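Participant: Here it is, the structure, as structure tokens.
Any read-out appearing in this document is the output of simple, stated calculations on the displayed coordinates, not a laboratory observation. As the structure is a computational prediction, the values presented were derived from the model and not from experiment. Here the Cβ is made from the backbone with ideal geometry for all residues, glycine too, and neighbour counts use every protein chain on show.
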Amino acid sequence: MSAYVGCETEINDIEVLLESLVEMGIQREKIEVHEVAQKLHGYQGDAREQKAHVVVRRRAVGAASNDIGFERMEDGRYKTWVSEYDSLRGLGKQIAAGRLLATYAKNRVLKEAAKRRVKSVTCKEENGRMRIRIRI
């Protein structure tokens with residue numbers, strides 16, 4: 001049994017979180033959104049004590065994987081739940097390595113820029129880093 005590891009994040013916009021997960025390759029219909037947090041399940045289908053409001057079920061993550069979850073905390077931010085096993089491969093590895101946070105940050109900037117009607121925003125990845133330029 002692989003233990004879950006929780007990580008508090010600055011993610012607080014569910015629309016941008018969902019958009020970022022889709023951009024990382026998860027089909028939107030494979031992402032569950034719940035008002036009440038649901039239990040996460042291990043690779044054998046066993047219910048774990050960790051709960052999440054946004055869940056990517058193990059079938060969408062990969063063979064022998066566990067569910068991946070995002071639990072909404074009292075302050076509105078999301079805590080990620082990724083098993084130790086999944087943190088070494090696929091989507092779980094991308095989350096653990098910070099790829100989700102980088103994608104989320106880019107999409108959040110684009111959303112805010114659209115609200116403020118800035119002239120242009122360009123996003124470019126260089127050497128594993130995200131570079132965002134905003135022209136006001």
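Participant: From GLY45, GLY25, which residue is more than 18 Å from VAL5 (Cβ to Cβ), exposed (fewer than 14 other Cβ atoms within 10 Å of the Cβ) and in contact (Cβ under 8 Å) with a residue 60 or more places away in the chain?
Facilitator: GLY25
Participant: Additional query: Count, please, the residues in the stretch 78-136 that happen to be more than 28 Å from GLU35 (Cβ to Cβ) and not in a helix (DSSP H, G or I).
Facilitator: Final tally of qualifying residues: 25.
Participant: I've got another one for you. In the stretch 73-98, which residues are within 19 Å of VAL22 (Cβ to Cβ), surrounded by 16 or more Cβ atoms within 10 Å (Cβ to Cβ) and among the charged types (D, E, K, R)?
Facilitator: Within the stretch 73-98, just ASP86 meets the criteria.
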